[in-house]
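Below is one structure, written out as structure tokens; comments come after it.
The values are calculated or read from the model by the stated rules, or taken from the named source; none is laboratory data. What you see is a predicted model, and the numbers here were worked out from it, not measured in a lab. Don't worry about glycine lacking a Cβ; one is built from the backbone with ideal geometry, like all the others, and counts go over all protein chains shown.
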Amino acid sequence: MTAVVGVSHRTAPIAVREQLAVDAARLGDELVALRVAPVVEVTVISTCNRFELVGAGAAEADDERVAVALAASLAARVPAAAPHLYRHVGREAVHHVARVAASLDSLVQGEPQILGQLKHGWEAARRAGTLGPELARVLAHALRTAKRVRHETRLGAGRVSVPTVAVELSRRIFSELSGRAAVLVGSGEMAEEVARLFAREGARVVVVGRNAERTREVARLVGGEARQWEALEGALVEADVVVTSTSAPGFVIDRALVARLRRPRRGRALFFVDLAVPRDVQPTVESLEDVFLYNVDDLSQVVAESLAARSQEAERAEQIVLEELRVWERRRDAAQAVPAIKALRDRFGHALERELERSLRGRLRHLGEEEREALRVMNEASLNRLLHVPSVRLRALAADPEQSPRLGDLATALDELFGAGGDEDEPVEPGRRSFPPAPAEEAREVGAHAPGRADTARVAAGRG
């Protein structure tokens, strides 16, 4: 199972969250460093509003230990984060990741960017080799849940997002954005969306970035003007509102720079909306006269007002998340039958194969390779038919909360009746468990056979 440890806009201020942010170039190394016992798998969910580690241990009993280890790692790296950390384990961890994917835990419920950020973290873990089957299943479940929320509710109607809230805040400040100079510092996906929104409002858009090609592309998309990074100070002199969203590790606009702007700006007010984490604009700039600064945490009030009408859609989305969680639990519980089914198949399959080989060395030694293969296929088809009903019933017992305790008794009975492993002619040693519990696996991975094999057996045996 899974454990989640982290901070979000609900538990920690931006001053703490930005200390936890990891540069994309170092993310793989960070994940590898986190994978120490009992953590077997680990990935990260990193956005401007949250930083979370998602981990898994070798067995379900490791959930709590994994959470403790991940919390200790974050606290050691950023001691200021320790009082703000939250933890979810097992079922609650899976529920939490699904809510995050469905944007129910975002600053702006329904915002579309979270899925891309979620996938980015999982892809980084895959490249680093820290993504295993447990977290892969958690991601698949989260994406399936988010897809249902997107298609079955109007939670994301109107494309409300952090960029739209930033533009809404600017509209409140100026009442009319047409003709205003909007300077965007950064040229990533966030900057592109902000640029489109300002252009739609009639603002004059100036894009300043370090990547010249990307900066020109964003400006071209909205009919704006692209400027090199060296021209940042001149662009700020012209600006009415400045929206920053770079991935820089520190401030790109500090108090000294903004102080130099006062004379050429001749007392005109300057508004900063800092969407970056870590922050792009030094907080002390707000102490300067006629300078106003808003960061992502300051957008909460605007968000609350914008999303008041979405509460009903959010309730429906929460129901979908719980429905999908119950599906997840049923699949997980059904997989508890896998060890018993696999042991049973191994025992019976070995016995059938041994008897067939004896016959092929004796009375049936005259058969050619084609006939021998037909008999092997027939053996496999017979095994599947023989164990189909027991397999179905074992999975049904495991999936029923009231009946699942019986699974252990049945496994013990199977031990006593059939045993497993070793030579079938040898007696099973008293007290030896041949059907031990094992970590949950996908039930469909065991007991399934290749499509068409049973048909092939019938044809080979002259019955099709």
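Tabulated results
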| quantity | calculated |
| --- | --- |
| Candidate set from region 178-193 (those that are part of a helix (DSSP H, G or I) and without any contact (Cβ under 8 Å) to a residue 60 or more places away in the chain); member that is farthest from ASN211 (Cα to Cα) | GLU193 |
| Conditions (1) charged (D, E, K, R); (2) within 15 Å of VAL40 (Cβ to Cβ); (3) at pLDDT 95 or above: number failed by ARG87 | (2) |
| Hits in region 63-81 (condition: surrounded by fewer than 21 Cβ atoms within 10 Å (Cβ to Cβ) and closer than 18 Å to GLU92 by Cβ) | GLU64, ARG65, VAL68, ALA71 |
| Yes/no for ARG126 being surrounded by fewer than 20 Cβ atoms within 10 Å (Cβ to Cβ), touching a strand residue (DSSP E or B) at 6+ places or on another chain (Cβ under 9 Å) and of a type outside the set (Gly, Ala, Ser) | yes |
| Test set (1) over 29 Å from PRO163 (Cα atoms); (2) crowded, with 24+ Cβ neighbours inside 10 Å; (3) of a type in the set (A, V, I, L, M) - ALA98 fails condition number | (1) |
| Any pair with Cβ under 9 angstrom, 6 or more apart, that starts in region 373-389 at a residue that is closer than 18 Å to ALA340 by Cβ and ends at one that is among the β-branched types (Val, Ile, Thr) and in a helix (DSSP H, G or I) | LEU387/ILE341 |
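Here is a yes/no grid of residues against (1) at pLDDT below 90; (2) farther than 24 Å from LYS147 by Cα; (3) not acidic (Asp, Glu):
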{"site": "ILE45", "(1), (2), (3)": "no, no, yes"}
{"site": "PHE51", "(1), (2), (3)": "no, no, yes"}
{"site": "ALA59", "(1), (2), (3)": "yes, yes, yes"}
{"site": "ALA98", "(1), (2), (3)": "no, no, yes"}
{"site": "GLN113", "(1), (2), (3)": "yes, no, yes"}
{"site": "ALA124", "(1), (2), (3)": "no, no, yes"}
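The rows are residues; the columns are (1) farther than 21 Å from TYR294 by Cβ; (2) of a type outside the set (Ser, Thr, Tyr); (3) surrounded by 15 or more Cβ atoms within 10 Å (Cβ to Cβ).
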residue	(1), (2), (3)
GLU176	no, yes, no
LEU184	no, yes, yes
MET190	no, yes, yes
ARG196	no, yes, yes
GLY202	yes, yes, no
ALA219	yes, yes, yes
SER245	no, no, yes
GLY250	no, yes, no
VAL258	no, yes, yes
